[in-house]
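Asks: Next up is a structure, given as structure tokens.
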Amino acid sequence: MALTGLQIQKLLPKTNCKECGSNTCLAFAMKLAAKKADLSECPYASEEAKQVLGAASEPPVKLIELGPDQSLKIGAETVLYRHEKTFVHQTAFAVNINDTDSHEEIERTLHSIGEYVLERVGEQIRIDMVSITHKGNDAHAFVALAKKAWETLKRPLVLCSSDIQALIEAAQVVKGSHSVLVSASPETGDQLLIAARDNDHALAVTAPDLNELVQLTAKFKQDGFNHLILDIDTLSLSEKFQAFSIARRAALKDNYKPLGYPFITFLEAPTSPDDDLLDSTFSAVTDICKYGGICVFPLFDPAQLSALMTIRMNIYTDPQKPIQVEPKLYAIGEPKPSSPVFVTTNFSLTYFIVSGEIENSGISAWLFVPECEGMSVLTAWAAGKFSGATIGKFAKEIGLDNLVTTRNIIIPGYVSQISGELEENLPGWKVLVGPQDASDLESFIKARLLGS
Ligand code: SF4
């Protein structure tokens, strides 16, 4: 439970010496309660205060940092529902390779993982992790594959083996990758804890239900190791969904520490070559929405990955902050100074749809994007951010008159009412009213600009 300012004040020296920058210990306690100060700013805080406040200020879901530079982060979520605030660390995607795969298959999958890039609304999205599964009897093959994957891709790994010695050896050869060892059970926990701690990896903890998971995580934490990931041992989507929801609610609402960790899930492998991957895709969607930390795909399938990366992007954008592009004049294709100028808002989705449609039409043009605080066309217009005056003002700021020689500017059909005001604010320019929907841009361009 979070402590109140008054509860925190009782733990402070109460001398009001002001060295922390606050006038009184109570004022400092209030800042601590609001998470606007750090206890280290009080040089006289007792060990008891550090212990109590340290535990109280731990995030309800542990942050786990993976990868060589620890830049892949999972956990540290603070809300049950995205619309309450935002989800912060998106589900990491890992693609699996088995040590029993043929040499050619391994090479092909490693190459595919390394090369795969999905571009969405200006972002380049890559596969986050590689999973290595020990399926055969040869421990050396598993360790060698882990080493090869790490050296080839330099991405964090999910290392899966029931052979403890093989897993420990693999953990050692990929030290520095900040990977995940899968998986600790009551029998293997002590040995794997040492391997994870000594080689700076996270440890997945497996159990068939939450009760057993709680016992394991509580024990590891008592042993001083807190770099844990939860793994519910079930392929049932409903069981997984229920367990994840109960655990996340307990962590966030009751600050129940034994379940305050991110989850890892393993999607079911296709049952036949004709498997359409729908079941595993549904399972991954559930993970993305509720509350997967790492999702391991049994194989590399770019169609499945691109759909799920797009869904993930939608869920993990901050609903309070529209994705925006930089306000400026964009060149679409290779426009000349005399090429036409289109105007739209700086809401990313709007920008990419409009620029894509102009590109599809086969012409080169300019796309003029004024500052609209990331709003779509009608919203920006209603908020007074996309008017003749604001567009004209931004055109003057960037010197549009000197950047192009054309004096035709095409506005979205939904805001045809601003055409007069825009002409007043852009002397010498002629405003053309374009279509309402971007999908009609191509026919508009053909009919009005190319004259066909
Ligand atoms: Fe109180 Fe510590 Fe701040 Fe001094 S530095 S006023 S003791 S909280």
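Asks: Mind jotting down the three principal axis lengths of the stretch 64-315 based on Cα atoms? Whole angstrom, largest first.
Replies: 50, 43, 35
Asks: Same structure, new question: So which of Lys62/Lys253; Lys328/Lys396; Lys253/Lys290; Lys73/Lys240; Lys85/Lys321; Lys73/Lys253 end up more than 18 Å apart by C-alpha? Intermediate results must be reported in sequence, preceding the final value.
Replies: On the way: Lys62/Lys253 15 Å; Lys328/Lys396 12 Å; Lys253/Lys290 16 Å; Lys73/Lys240 22 Å; Lys85/Lys321 10 Å; Lys73/Lys253 22 Å.
In this structure, Lys73/Lys240; Lys73/Lys253 lie more than 18 Å apart at Cα.
Asks: Would you list, by chain and number, the aspartates and glutamates whose Cα falls below 19 Å from the Cα of Lys50, excluding same-chain residues fewer than 8 positions away?
Replies: By straight Cα distance, Lys50 reaches Glu19, Asp38, Glu41, Glu58.
Asks: How large is the convex hull of the Cα atoms of the chain per residue, expressed in Å³ as a whole number? Before the final figure, lay out the partial values.
Replies: Details: hull volume 89.3 nm³, N = 452.
That works out to 198 Å³ per residue.
Asks: Could you tell me how far the Cα centroid of the stretch 159-188 sits from the Cα centroid of the stretch 61-77, in Å?
Replies: Spelled out, the Cα-based centre of one part sits 18 Å from the other.
Asks: Which ³J(HN,Hα) values in Hz, rounded to whole numbers, follow from the phi angles of the stretch 103-119 under the Karplus curve 6.51 cos²θ - 1.76 cosθ + 1.60, where θ = phi - 60° and Gly and Pro get x?
Replies: So the Karplus estimates, Gly and Pro as x, are 3, 5, 4, 4, 4, 5, 5, 4, 5, 4, 4, x, 8, 5, 9, 10, 9 Hz.
Asks: Same structure, new question: Give the share of C-alpha pairs in each 10 angstrom bin for the stretch 211-307, from 0 to the last occupied bin, in whole percents, shortest bins first.
Replies: Calculated over all Cα pairs of the stretch 211-307, the distribution is 15, 44, 27, 13, 2 percent.
Asks: For the Cα atoms of the chain, what angle does the longest principal axis make with the long axis of helix 47-56, in degrees from 0 to 90, nearest 10?
Replies: 60 degrees
Asks: Can you give me the convex hull volume of the Cα atoms of the stretch 56-126, divided per residue and expressed in Å³? Don't jump to the answer; show the numbers that get you there.
Replies: Working: hull volume 11.1 nm³, N = 71.
So the per-residue hull volume is 157 Å³.
Asks: Let me ask you something else. To the nearest 0.05, how large is the calculated FRET efficiency for His111 and Lys50 if R₀ is 41 Å and r is the Cβ-Cβ distance? The partial results should precede the final answer.
Replies: Numbers: r = 50 Å, r/R0 = 1.22.
Computed FRET efficiency for His111 and Lys50 comes out at 0.25.
Asks: Follow-up. Let me have the relative contact order for the stretch 64-315, percent, based on Cα pairs under 8 Å that are six or more residues apart. Intermediate results must be reported in sequence, preceding the final value.
Replies: Working: 454 pairs, mean separation 50.1, N = 252.
Normalised by residue count, the contact order of the stretch 64-315 is 20 percent.
Asks: Need one number: % antiparallel among DSSP beta bridges in the chain, to the nearest 5. Walk me through the numbers before you get to the answer.
Replies: Numbers: 12 of 51 bridges.
Antiparallel bridges make up about 25 percent of those DSSP assigns within the chain.
Asks: Another question, if that's okay. Give me a comma-separated list of calculated 3J(HN,Hα) values for the stretch 159-173, in order, Karplus coefficients 6.51, -1.76, 1.60 applied at θ = phi - 60°, integers in Hz, x for any Gly or Pro.
Replies: Values per residue, Gly and Pro as x: 9, 10, 7, 8, 8, 4, 5, 5, 5, 5, 5, 5, 4, 6, 6 Hz.
Asks: Amide H of Gln324: which non-local residues (sequence gap of 5 or more, or other chain) have their own amide H closer than 5 Å, using H built in the peptide plane?
Replies: Ser348
Asks: In whole Å, what three semi-axes, largest first, describe the equivalent ellipsoid of the stretch 89-187 built from its Cα gyration tensor (square root of 5 times each eigenvalue)? Display every interim value, and only then the final one.
Replies: Values: eigenvalues 119, 51, 24 Å².
Value: 24, 16, 11 Å, ordered largest first.
Asks: Let me ask something additional. Return a whole-number percent for the relative contact order of the stretch 1-140, with Cα pairs under 8 Å and 6 or more residues apart as the contact set. Don't skip to the answer; put the middle values down first.
Replies: On the way: 158 pairs, mean separation 21.2, N = 140.
Once normalised by length, the contact order is 15 percent.
No value in this document is a laboratory result; all are computed from the given coordinates. Nothing here was measured: the structure is a model prediction, and the numbers come from that model. Heads up, the Cβs are rebuilt from the backbone with ideal geometry, glycines too, and the neighbour counts pull from every protein chain shown.
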